[in-house]
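What follows is calculated from the coordinates using simple rules that are stated; it is not laboratory data. Predicted model, so just to flag it, every value in this text is computed and none were measured. Reconstructed Cβ throughout: ideal geometry from the backbone, glycine too, with neighbour counts over all protein chains shown.
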Amino acid sequence: MKVFTLLASVIVTLSSCNCQKTAAEEKELASKAVNMQEKSISTLEYELNTRGFYRKTTIADKKAWVIPVRDGKAVEVAISDADWNELNVLFQTVNKEGLANLKAPTEKRFYDGAPMANFRVITKERTYESATFDGGYPPAEIEKIVNKIIAIGSKVE
């Protein structure tokens, strides 16, 4: 019985060491992939909502996920290479640090004239979120990228 216990503990020890080595290698590969992607798009989110309306579009890794109704299921949309490249170019022009300070050009959301909208850039370090603005009327600084996200998300109805 002692031999069996000793043999079992040796096997468990050796296999756990192998698992830790594999996990470390996977973590290193993931880290390299993240470093390569830092210059491209992080995760982008555009969310609209009112008391009776909700729509959220999330973009990452050449895919978009659209949640067309509150508590609804996400619908996946593939993004073409041309759209992805355009998003990358537009993303480079976004001042992530200044998103919270953007001024909304209109105030229709205050009287239900437009849904409330938010734009987010999510990186591995932190989340950058815009000030709330009217859906369909984004601040000029992010207008092009928001309109591109809307166009991609509108493929889901």
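Structural remarks
- Computed from phi, the 3J(HN,Hα) profile of the stretch 87-95 under the Karplus parametrisation 6.51, -1.76, 1.60 (θ = phi - 60°) reads 4, 4, 5, 5, 4, 5, 8, 7, 8 Hz, with x in place of Gly and Pro.
- The stretch 40-153: Lys pairs at Cα distance under 17 angstrom, eight or more positions apart or on different chains: 8
- Centroid-to-centroid separation of the stretch 118-136 and the stretch 39-115 [C-alpha atoms, Å]: 8
- Our estimate of slack between Y111 and E125, defined as 0.36 nm per intervening residue step minus the Cα-Cα distance, is 1.5 nm.
- Take the Cα of N95, step 7 Å toward its Cβ, do the same at K62, and the gap between the two points is 3.3 nm.
- For the pair A151 and K103, a Förster radius of 25 Å applied to the C-beta separation gives a FRET efficiency near 0.55, rounded to the nearest 0.05.
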